[in-house]
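The values are calculated or read from the model by the stated rules, or taken from the named source; none is laboratory data. Predicted, not measured: the structure shown is a model, and the values here were computed from it. Virtual Cβ from ideal backbone geometry, glycine too; neighbours counted across all protein chains shown.
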Amino acid sequence: MLEIKNLHCRLEEDPETVILKGVDLKLEPGAVHAVMGPNGSGKSTLSYVLSGRDGYEVTDGSVSFAGEDLLEMEPDERAAAGLFLAFQYPVEIPGVSNMTFLREAVNSQRKARGEPEMSAGEFLKLTRAKAAELDISNEMLKRSVNVGFSGGEKKRNEILQMAVLEPKLCLLDETDSGLDVDAMKLVAAGVNALRGPDRSFLVITHYQRLLDHIKPDIVHIMADGKIVETGGPDLALKVESEGYADILSRSAA
Amino acid sequence: MSETMDPRAKATEALLASGAADAGRGGLGALKEAAAARFRSMGAPMARDEYWRYLGPAFNQPKEGAEPADAASATAPSPFAAAEPLVAAFLNGRFAPEHSSDLAAEGVEIAPLGAGAAPGWAAEALGALEAEGQSPAPRPLAALNGALATDGIALRATGAVARPIEIRHLGETGGAVHLRHVIALAPGASMTVLESGVGAAGFSSVMEAEIGAGASLSHVRLQTDPRFQRAATHLFARLGAESQFKSFTLSGATAGEVARNEAMLWLEGDDASAHLAGAVLAREDGKIDNTVFVTHGALRGESRQVFKNVLNDTAQGVFQGKILVREGAQQTDGYQISQSVLLSERAAFNAKPELEIYADDVKCSHGSTTGALDEAALFYLRSRGVAPSIARRLLIEAFLAEAVEEIADAALADIAREESRKLVAALVA
């Protein structure tokens, strides 16, 4: 599904700042991997580089996604190929309604894949059903994208987009940040409902608590731009009990 | 003798000589002498004049050999057709009955001005607001229009006019056209006036409107005809007590096109309300200038100016907006916003907001912003699979929405939105 090899990147505007220093990661179809790490370890940058955000220059390494060179693709092409990033800070777009936004996204992706557009009725039915599961009201669907949404509403809105777009690979960037326990359960239930043999997840998080609700198969610890340790779900628990410092000093030793 | 003339005087005489041959001006003939004298006294606009700094003297240099439009597109259907308006059409500067509706409707008196004598009220009103509007800042092209106008329409509403009235400007020649319209609303009357087409390579129109107490005038203008070179329009409106005026203009310009839209409004009765809005989409080296002057002269007046500009390539946008609050015009509420999105590093937007306040209990605010499309929003859209051109289009439409939403009538707002979408598509293509 996704294979990252020796990925290096730096900031375009400040080439001295190297953020990723050789990331290796392989994600099989249906697998759920977590990437944990202290602040500044490069976790979010990894998600940005995978989604094609401007401002980063890949200096070495490769990323293949479903057999294609991901780094050669434009952000919208990556989305059409099945990659989805749930943003840590979802963007507000005044004047563009949530529904218009979602419909343009669905139909743009279908067009790019050479599929027929979804009919207005079909789209409405699908979106309303998925929204109801995430406790998103019709009124929220009509409002401008993320404008006036609470932190929890924004994150649920991300999961709604994911549910409607049905990507092959979901990157969740600090989706638990800013969420209370109830909102986190709702978001996790939304994510778990999407788990399946053909869909992979890369869950980026600082804390273990989200992983109580979205159980990973594999946990990676990232530090200073590299994966420094990989293990089973118990590795996340170790982070919780020991903190990053112990694990990092051990892996450095 | 011409060698000794200074450049302004030379331009002034050249413009006065540029009008159509004087083949009868009907009710407008009476305007000619006084308007020509006014125009000569202030002269053609020059680049150093206060309100012409940004646009420059484009109107003194009409493009040579402007191409005649093809006859088929000259009479193309109006975008307003869906609103089923009563149409008063002008072809090459002359009232064209063959393209017009039967000019009879409940609650309104309609008379073309170019053929016979003007109705008494119109004869009296013609030129009055324009002359008053020449100070404190001169509006030379409005006076020039008075000197050269060949035709126009007089509209007088005495009640609620149900059907919108569309003034449609058609053209099939490359020449210059000067039209003069005069509007009056009796107390309590209401009317919607639409304008479409530009109709000539060199187009000029002046509309003078007296809005009686409690009356309401709505104005929606589509300045999207792609065949003009120069368009100068002036809108003068005086508002009585508790009256309302709402005006929206959609302007598009591309290579070689320059439009200057001036509006001068006086809120002279208490509790009057005036809203002016504009959506501007220009590309290539197109230039669009909105120059607005709102005078509050009575109690509790409310005015609002909302102008949105989207500029690509080397296009230029100008917004000059002034709110003048006279002594005694207490509890005035004046608001003005002009914003621009530049899609190219070579596009430019100049804004000149002005507040001049002589009353001590007023609320007035103005703001102006210029920037690129929001990169974060563009990336967010693209990360969901939306193609770049569609992402830009969505953000531009959202940016324009605040201006388009100033149109109260939903069906007319839909038409304006649809027309703006066509211009946006051309802009992001």
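Candidates in the stretch A:187-209 are the residues that are crowded, with 19+ Cβ neighbours inside 10 Å and without any contact (Cβ under 8 Å) to a residue 60 or more places away in the chain; of these, the one that is nearest to residue A:49 (Cα to Cα) is A:191.
Remark: residue B:142 matches the filter, which requires a residue to be modelled with pLDDT of 95 or more and buried (at least 16 other Cβ atoms within 10 Å of the Cβ). When you check residue A:152 against the structure, is it touching a helix residue (DSSP H, G or I) at 6+ places or on another chain (Cβ under 9 Å), at positive phi and surrounded by 15 or more Cβ atoms within 10 Å (Cβ to Cβ), yes or no? It is false that residue A:152 is touching a helix residue (DSSP H, G or I) at 6+ places or on another chain (Cβ under 9 Å), at positive phi and surrounded by 15 or more Cβ atoms within 10 Å (Cβ to Cβ). Count of the stretch B:168-202 residues, restricted to those that are more than 21 Å from residue B:98 (Cα to Cα) and free of Cβ contacts under 8 Å to residues at least 40 places away in the same chain, is 4. Within the stretch A:28-78, the only residue that satisfies the criterion of being closer than 17 Å to residue A:201 by Cα, assigned to a loop (DSSP other than H, G, I, E, B) and charged (D, E, K, R) is A:28. Residue A:246 passes every criterion in (1) touching a helix residue (DSSP H, G or I) at 6+ places or on another chain (Cβ under 9 Å); (2) away from chain B (no Cβ under 14 Å); (3) closer than 13 Å to residue A:34 by Cβ apart from (3).
Every condition in (1) of a type outside the set (Val, Ile, Thr); (2) modelled with pLDDT of 95 or more; (3) surrounded by fewer than 18 Cβ atoms within 10 Å (Cβ to Cβ) is met by residue B:429 except one, and the failing one is (2).
Among the residues making up the stretch B:170-182, those that are outside any loop (DSSP other than H, G, I, E, B) and surrounded by 24 or more Cβ atoms within 10 Å (Cβ to Cβ) are B:170, B:177, B:178, B:179, B:180, B:181, B:182.
Considered as a group, the residues in the stretch A:220-248 that are closer than 22 Å to residue A:61 by Cα and among the hydrophobic types (A, V, I, L, M, F, W, C) include one that is surrounded by the fewest Cβ atoms within 10 Å (Cβ to Cβ), and that residue is A:228. Scanning the stretch B:364-400 for residues being touching a residue at least 12 places away in the same chain (Cβ under 8 Å), within 11 Å of chain A (Cβ to nearest Cβ) and out of contact with any helix residue (DSSP H, G or I) (no Cβ under 8 Å at 6 or more places or on another chain) gives a total of 1. Here residue B:410 meets each of (1) touching a residue at least 24 places away in the same chain (Cβ under 8 Å); (2) among the small types (Gly, Ala, Ser); (3) away from chain A (no Cβ under 14 Å); (4) within 26 Å of residue B:217 (Cβ to Cβ) with one exception, condition (1).
Anything in the stretch A:54-82 that is on the phi > 0 side of the Ramachandran plot and over 16 Å from the mean Cα position of the chain (by Cα)? List them, or say none. Selection gives A:55, A:61, A:66, A:67. For residue B:311, the conditions (1) away from chain A (no Cβ under 11 Å); (2) surrounded by fewer than 24 Cβ atoms within 10 Å (Cβ to Cβ) all hold with the exception of (2). How many of the residues making up the stretch A:87-144 are surrounded by fewer than 20 Cβ atoms within 10 Å (Cβ to Cβ), touching a strand residue (DSSP E or B) at 6+ places or on another chain (Cβ under 9 Å) and in a helix (DSSP H, G or I)? Final tally of qualifying residues: 3.
Just one of (1) more than 14 Å from the chain's Cα centre (by Cα); (2) within 28 Å of residue B:255 (Cβ to Cβ); (3) crowded, with 24+ Cβ neighbours inside 10 Å fails for residue B:323. It is (2). May I ask you to verify whether residue A:17 is at pLDDT below 95, away from chain B (no Cβ under 14 Å) and out of contact with any Asp or Glu (no Cβ under 9 Å at 6 or more places or on another chain)? So residue A:17 fits the description; yes. Taking each residue of the stretch A:226-247 that is over 25 Å from residue A:8 (Cα atoms) and looking for partners that are assigned to a helix (DSSP H, G or I) and of a type in the set (Asp, Glu) with beta-carbon atoms closer than 8 Å, six or more apart or interchain, yields nothing.
Selection over the stretch B:268-302 of residues that are among the charged types (D, E, K, R) and either in a strand (DSSP E or B) or touching a strand residue (DSSP E or B) at 6+ places or on another chain (Cβ under 7 Å) (or both) gives a count of 4. Checked against (1) over 26 Å from the mean Cα position of the chain (by Cα); (2) within 14 Å of chain A (Cβ to nearest Cβ), residue B:341 passes all but condition (1). Within the stretch A:54-80, the set of residues being facing another protein chain (nearest Cβ under 10 Å) and either at pLDDT 95 or above or over 13 Å from residue B:382 (Cβ atoms) (or both) comprises A:55, A:74, A:75, A:76, A:77, A:78, A:79, A:80.
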